[in-house]
Amino acid sequence: MLFKIRRSVPANTLKTNPDWQKLKIRKGTIVQWIIFMPEECADLVQFQVFYHGHPVLPQNENEWMYGFFIPTVITDKILIEDSPFELDIYAFNTDDSYEHEYNLYVNVEPEKPVSPMEEEESIWEKLKGWLGVE
């Protein structure tokens, strides 16, 4: 399942007091990140993603993500198993005049494959029931 956030970070948002957003996701495994920032950002906006206080993108809390001016895919394998199922996103913008945005997509695979008929009786079982056949 794909979760996404598009956020404009106000001008003069400091690294020491970053903009903070929550992104609700689901239990499973993060297998992919898709990142895009318009060229107008010119490396002025940078962000980090945390899960339960631990950095997951990038995985070093002293680094920040920036400069993805074309949609960029990063594969990963991060287990999301503890509630609440949400990510904390911190961003700053060093531009003194304009807000700039980041676009972040998170692809989370469920714990097990989902079947649309999983909870329901199969059509054959229903038909047997209607006909009184066991």
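Could you line up Met65, Met1, Met37 from fewest to most neighbouring Cβ atoms inside 10 Å?
Values: Met65 21, Met1 11, Met37 25.
Ascending number of Cβ neighbours within 10 Å: Met1, Met65, Met37.
Using alpha carbons only, what's the Rg to Rh ratio of the chain with Rh from Kirkwood? Working shown, then result.
On the way: Rg = 20.6 Å, Rh = 16.9 Å.
For the chain, the value is 1.22.
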Legend entry - Vicinal HN-Hα couplings computed from phi for the range 19-36 (Karplus, 6.51 cos²θ - 1.76 cosθ + 1.60; Hz; Gly/Pro x): 5, 10, 9, 10, 10, 6, 10, 10, 5, x, 10, 6, 10, 7, 10, 10, 10, 8
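As a footprinting exposure proxy, order Trp130, Trp33 by other Cβ within 10 Å, with the fewest listed first. Before the final figure, lay out the partial values.
On the way: Trp130 8, Trp33 20.
Ranked by crowding around the Cβ, least crowded first: Trp130, Trp33.
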Inset, instruction - Quick one: dipole size for the range 2-131, taken about the Cα centre, charges +1 on Lys/Arg Cβ and -1 on Asp/Glu Cβ, in debye to the nearest 20. - result: 320 debye
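If you add up the charges near Val9, with Lys and Arg at +1 and Asp and Glu at -1, over every other residue whose beta carbon is less than 14 angstrom from its beta carbon, what do you get? Don't skip to the answer; put the middle values down first.
Details: positive: Arg6, Arg7, Lys15; negative: Asp19, Glu40, Asp43, Asp95, Asp96, Glu99, Glu101.
Neighbourhood net charge equals -4.
If you add up the charges near Ser83, with Lys and Arg at +1 and Asp and Glu at -1, over every other residue whose beta carbon is less than 14 angstrom from its beta carbon, what do you get? Numbers along the way, then the final one.
Working: positive: Lys22, Lys24, Arg26, Lys27; negative: Glu81, Asp82, Glu86, Glu111.
Local charge sum for Ser83: 0.
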Legend entry - Amide H within-cut-off set for Thr29, under 5 Å, with H built and near neighbours excluded: Ile80, Glu109
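Remind me, relative contact order of the range 2-131 in percent, using alpha carbon pairs under 8 angstrom and six or more residues apart?
Numbers: 268 pairs, mean separation 57.1, N = 130.
Once divided by the residue count of the range 2-131, the mean separation gives 44 percent.
Each value in this text was obtained by applying a stated rule to the coordinates, not by laboratory testing. As the structure is a prediction and not an experimental result, all values here were calculated from the model. Don't worry about glycine lacking a Cβ; one is built from the backbone with ideal geometry, like all the others, and counts go over all protein chains shown.
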